[in-house]
Amino acid sequence: MIRHIVILHFRKQYGVDFQGLLEKTRPLVEQIPGIVKFSIYNNESKYVPNDVFSLGIEILFKDKNSLNTFMHHPKHFEANAIFEKYLADPPYMVLTHEI
């Protein structure tokens, strides 16, 4: 399996329910083949800047081909469009590894 973790940083100034916003991506992402699990969680690191709200997304894929399919899938781009305008600078960090 492949674990793909994305830590997203949102600008607090928008006053949006970012957790709810990411939940809107779930139905899109879950249409992409090869996903075993999709989780959203709060990033409570003490290193998150004060003006940023940080959330993590963890996606488990059955194999490397599934990750590749996901990265190029139109539903992935559609999901990103839901939240990308609220992202801070830098917008995210990514960790992908085999488990």
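Values in this text are rule-based calculations from the coordinates and carry no lab data. The shown structure was predicted, so the numbers you read here are calculated from the model rather than taken from an experiment. Positions of Cβ are backbone-derived with ideal geometry, glycine not excepted, and every protein chain shown enters the neighbour counts.
Return the loop-located chymotrypsin sites (Phe, Trp or Tyr not before Pro) in the chain (DSSP other than H, G, I, E, B) with at most 15 other Cβ atoms within 10 Å of their own Cβ; answer none if there are none.
Values: sites: Phe10, Tyr14, Phe18, Phe38, Tyr41, Tyr47, Phe53, Phe61, Phe70, Phe77, Phe83, Tyr86, Tyr92; in loops: Tyr47.
For chymotrypsin sites (Phe, Trp or Tyr not before Pro) across the chain that sit outside H, G, I, E and B with at most 15 neighbouring Cβ atoms in 10 Å, the list reads Tyr47.
If you filter segment 22-99 for trypsin sites (Lys or Arg not before Pro), then keep DSSP loop positions with at most 16 other Cβ within 10 Å, what is left?
Details: sites: Lys24, Lys37, Lys46, Lys62, Lys64, Lys75, Lys85; in loops: Lys24, Lys46, Lys62.
Answer in residue order: Lys24, Lys46, Lys62.
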What whole-number value in cubic angstrom gives the convex hull volume per residue for the C-alpha atoms of the chain? 92
Lysine pairs within the chain, Cα separation less than 17 Å, 8 or more sequence positions apart or different chains: 8
Using a basic spin-label model with each label point 7 Å from the Cα along Cα→Cβ, how many nm lie between Arg3 and Glu58? 0.6
Could you check the simple spin-label distance between His97 and Ser39, using points 7 Å along Cα→Cβ, in nm with one decimal? 1.5
Find, among the GluC sites (Glu not before Pro) in segment 1-83, those assigned to loop by DSSP (not H, G, I, E, B) with at most 16 other beta-carbon atoms within 10 angstrom. Glu30, Glu44
Amide H proximity to Asp63 below 5 Å, modelled H, separation 5+ or other chain, gives Ile2
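Compute and list, largest first, the equivalent-ellipsoid semi-axes of segment 1-44 from the alpha carbon gyration tensor, each √(5λ) rounded to a whole angstrom. Could you put the intermediate results ahead of the total?
On the way: eigenvalues 104, 35, 11 Å².
So the equivalent ellipsoid measures 23, 13, 7 Å along its semi-axes.
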With θ set to phi - 60° and the Karplus curve 6.51 cos²θ - 1.76 cosθ + 1.60, what are the ³J(HN,Hα) couplings of segment 23-35 in order, to the nearest whole Hz, using x for Gly and Pro? 4, 5, 7, 3, x, 6, 4, 5, 7, 7, x, x, 7
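Stretch Asp89-Asn65 to full length: gain in nm at 0.36 nm per residue minus the Cα-Cα span?
Working: separation 24, 0.36 × 24 = 8.64 nm, distance 3.02 nm.
Net length gain for the segment: 5.6 nm.
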Summed side-chain charge close to Lys24 - residues other than Lys24 whose Cβ falls under 14 Å, Lys, Arg +1, Asp, Glu -1: -2
